[in-house]
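*Asks:* Structure incoming, see below.
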Amino acid sequence: MTTRMMQQVSGTQRPLSFDAEGAGTLLLESASTPWAGLQFEVHRTVPGELPDAGPPPGEVALVVFLEGSVEMAVTKGTREVSYRAVPGSTLFMAGDSRASTRAIGSAEVAAVSLEPEWFQRVELERAPTEFGSLLPLTADPTMHALVSTMRREVQSGASAGRLFSESLSLSLLSYVLKCIPAPLGSVRGALSEAQCRRLAGHIRECLGEDLGLAELASFTRLGPRQFSRLFREAFGTTPHRYLLDQRLDEGARRLAVSSADIAEIALSLGFSSQSHFAAAFRKRFNQTPRQYAMGNRRRRVAF
């Protein structure tokens, strides 16, 4: 027997559905497979109104549109947002900040439960307090791609195994956290732990790009000057030096585990040339990239 996801509608808890009567709209549930990631269900919406609905108190969830198009009106408190939901549109739902929704049209949607234990895996005690007040995403291709991959994996019986489902779920959660603006009050004296994690994650994902100070500062809603000061206090170095060190560390990793061309590695990591990469690498590791690669290659052969 599987465990259905629950929701609260007008003060009453019941299995998740997307109509006021609670009729069966369930198309797929991850709990009936060996899937070891974030639990989710796929439903078909029906036209109508769902009053004062959301996850049970203390829980948060996503609703991601996968197929179809629906005219939506979402009311949270006194604020109403109307838009056309298409694949990739996403609602952020919180049990402590429920919403009423009106829908015209039908679509297939995935409801993803973000359990507290998953936030703890990314070193957060709980979901950010502003989660339930976030405006919907009108069409996000990354959200759609991640959740669609989760759906296909569950449809296959979760055949790729635990590591794949956990990694995919962590990728989704990390992306969700990127969508949450930093609270204005948390950056007056120092960068918060969550901000530092988002910055470090963004830099790791963009090592080959020409990152600018304004782009990084936008994660904290600070001006470049104040951001630079707080970044140095948090990371112990300047943004430029941190990015350079991350590029060099990744270059060393690639040299150690592959036979990739040094020039190719240099350009893929944002260096203007192989010589630029080699000079910076030698300064950090006291040997050239070629020496480093040959030394690690000999160790691999020895083992």
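Read-outs: derived from the displayed coordinates by stated rules, not from any lab. All of these numbers come straight from a predicted model, not from anything done at the bench. In this analysis, Cβ positions are derived from the backbone assuming ideal geometry, glycine residues included, and neighbour counts consider all displayed protein chains.
*Asks:* Which GluC sites (Glu not before Pro) from the stretch 63-148 combine a DSSP loop assignment with at most 15 other Cβ atoms within 10 Å?
*Replies:* Passing sites in the stretch 63-148 are Glu123, Glu125, Glu130.
*Asks:* Let me ask something additional. Assigning unit charges at the beta carbon (Lys, Arg +1; Asp, Glu -1) and nothing else, what dipole magnitude in debye, to the nearest 20, does the chain show about its Cα centre?
*Replies:* Dipole of the chain, to the nearest 20 debye: 1640 debye.
*Asks:* Pick the calculated P(r) over Cα pairs in 20 Å bins from 0, in percent for this structure from (1) 28, 41, 26, 4; (2) 32, 54, 14, 0; (3) 28, 48, 22, 2?
*Replies:* Read-out taken from this structure: (3).
*Asks:* For every helix of n ≥ 4 consecutive DSSP H residues, a contribution of -39,500 (n - 2.57) applies; sum these over the chain, divide by its total residues, and give [θ] at 222 nm rounded to the nearest 500 deg cm²/dmol.
*Replies:* -12500 deg cm²/dmol
*Asks:* Pairs of alpha-carbon atoms within less than 8 angstrom and 6+ residues apart define the contacts here; what relative contact order does the chain have, in percent?
*Replies:* 13
*Asks:* Let me check against my output: what whole-number percent is the relative contact order of the stretch 184-236, with C-alpha pairs under 8 Å and at least 6 apart?
*Replies:* Over the stretch 184-236, the number comes to 48 percent.
*Asks:* Determine the relative contact order of the stretch 241-302: mean sequence separation of Cα pairs under 8 Å and six or more apart, normalised by residue count, in whole percent.
*Replies:* It comes to 34 percent, rounded to a whole number.
*Asks:* Using label points projected 7 Å from each Cα along Cα→Cβ, tell me how many nm separate Ser159 and Thr129, to one decimal.
*Replies:* Calculated label separation equals 4.7 nm.
*Asks:* Put +1 on the Cβ of each Lys and Arg and -1 on the Cβ of each Asp and Glu in the stretch 89-232; which of Gln120, Met150, Leu168 then has its Cα farthest toward the positive end of the dipole?
*Replies:* It is Gln120, whose Cα lies furthest towards the positive end.
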